[in-house]
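In what follows, a single structure is set out as structure tokens and then discussed.
The values are calculated or read from the model by the stated rules, or taken from the named source; none is laboratory data. Since we're looking at a predicted model, the values are computed, not measured. Glycine also receives a Cβ, built like all others from the backbone with ideal geometry; neighbour counts cover every protein chain displayed.
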Amino acid sequence: MRILVVEDERALRSFLERGLREAGYAVDAAADGAIGLRLARAHAYDALILDLMLPEREGLEVVGALRREGHSVPVLILTARDELEDRIQGLDAGADDYVVKPFEFAELLARLRALLRRGTPATTSLEVGDLCIDLAAHKVVRAGRTIELTGREFALLEYLARHAGQIVTRTMIAEHVWDTRYDTFSNVIDVYIRYLRRKIDDPHPTKLIQTRRGVGYVLGAET
């Protein structure tokens with residue numbers, strides 16, 4: 001999952017970037033509303049975390065512009081404004097949730113997960129064949145054997161599993177599992193696919209990660 005954080009306070013922005021990456025998300029960040037709006041228009045983010053009091057363009061302007069243009073990306077407002085009127089304005093502008101500073105990071109993560117579940121069947125696990133992915137515990141088991149994955153490996157496997165049986169292109173993976181630091185000319189996605197194959201497929205006769213040469217990958221047993 002790829003998240004955009006728009007926050008002008010440098011220390012808080014860095015804290016959010018670090019915490020979200022440790023939680024397995026790909027993260028881009030912007031220090032003002034104009035840059036945040038440009039990034040939100042240019043990339044397929046899974047959610048936005050947006051301050052209200054921003055230089056260049058305020059958060060309400062950003063979310064309002066996105067909604068008028070038809071963008072349905074979930075938006076979580078994160079702000080020091082705690083008056084009821086401020087909350088109402090934020091939600092009326094098109095935000096999906098509202099968190100007041102100071103906040104507990106665990107609660108922010110829980111609210112973010114709830115936003116990401118909207119529009120998809122509520123689930124805490126994904127199963128593909130004998131592979132089970134526990135989303136809450138970040139635990140992967142295949143045929144009764146627990147598999148240790150890094151945060152990025154888990155994010156890649158989760159994305160493949162959410163689209164099980166469908167072809168997922170490298171562009172789709174880059175947009176949702178990596179951030180703007182991703183080099184489109186690198187082979188990092190292929191490298192991570194190899195990492196997953198070694199852990200997920202190599203010990204088993206049935207292979208789940210399939211390559212569609214020149215197109216992308218499919219998670220699911222060959223039929």
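Of all residues in segment 191-206, those that are in contact (Cβ under 8 Å) with a residue 60 or more places away in the chain have Cβ atoms under 7 Å from Cβ atoms of residues that are assigned to a loop (DSSP other than H, G, I, E, B), 6 or more apart or on another chain, in Ile200/Leu208; His204/Ala143; Thr206/Gly129; Thr206/Ala221. Checked against the criterion of being under 20 Å from the mean Cα position of the chain (by Cα) and hydrophobic (A, V, I, L, M, F, W, C), the candidates Ala34, Ala95, Ala11 yield just one match: Ala95. Contact map, segment 134-146: first residue in contact (Cβ under 8 Å) with a residue 12 or more places away in the chain and within 13 Å of Ala161 (Cα to Cα), second residue among the small types (Gly, Ala, Ser) and part of a strand (DSSP E or B), Cβ cut-off under 8 Å, separation 6 or more or different chains; pairs are Leu135/Ser125. With the structure loaded, tell me whether Arg81 is touching a residue at least 60 places away in the same chain (Cβ under 8 Å), over 24 Å from Thr171 (Cα atoms) and surrounded by 15 or more Cβ atoms within 10 Å (Cβ to Cβ) or whether it fails that test. Considered against the rule, which asks whether it is touching a residue at least 60 places away in the same chain (Cβ under 8 Å), over 24 Å from Thr171 (Cα atoms) and surrounded by 15 or more Cβ atoms within 10 Å (Cβ to Cβ), Arg81 comes out as no.
Would you call Leu39 of a type outside the set (Ser, Thr, Tyr), touching a strand residue (DSSP E or B) at 6+ places or on another chain (Cβ under 8 Å) and closer than 18 Å to Val100 by Cα? So Leu39 does not fit the description; no.
With respect to Glu127, determine if the residue is closer than 23 Å to Met172 by Cα, more than 17 Å from the chain's Cα centre (by Cα) and not polar (S, T, N, Q).
Taking the combined requirement at face value, the residue satisfies it.
Which numbered condition in (1) outside the structural domain of Trp178 (by TED's automatic domain parsing); (2) touching a residue at least 12 places away in the same chain (Cβ under 8 Å) is the only one that Pro102 fails? Answer for Pro102: the failing condition is (2).
Looking only at segment 139-161, residues that are exposed (fewer than 15 other Cβ atoms within 10 Å of the Cβ) and among the charged types (D, E, K, R) come to 2 in all.
Pairing each residue of segment 1-25 that is within 12 Å of Val177 (Cα to Cα) and at pLDDT below 95 with any residue that is in a helix (DSSP H, G or I) and of a type in the set (D, E, K, R), provided the two are 6+ apart or on different chains, yields C-beta distances under 7 Å for Arg2/Glu175. Report yes if some residue within segment 62-70 is in contact with a helix residue (DSSP H, G or I) (Cβ under 8 Å, 6 or more places away or on another chain) and either loosely packed, with under 15 Cβ neighbours inside 10 Å or among the charged types (D, E, K, R) (or both); otherwise report no. Checking segment 62-70: at least one residue is in contact with a helix residue (DSSP H, G or I) (Cβ under 8 Å, 6 or more places away or on another chain) and either loosely packed, with under 15 Cβ neighbours inside 10 Å or among the charged types (D, E, K, R) (or both). In summary, Glu222 fulfils each of the numbered conditions (1) surrounded by 16 or more Cβ atoms within 10 Å (Cβ to Cβ); (2) farther than 20 Å from Val27 by Cβ with the single exception of condition (1).
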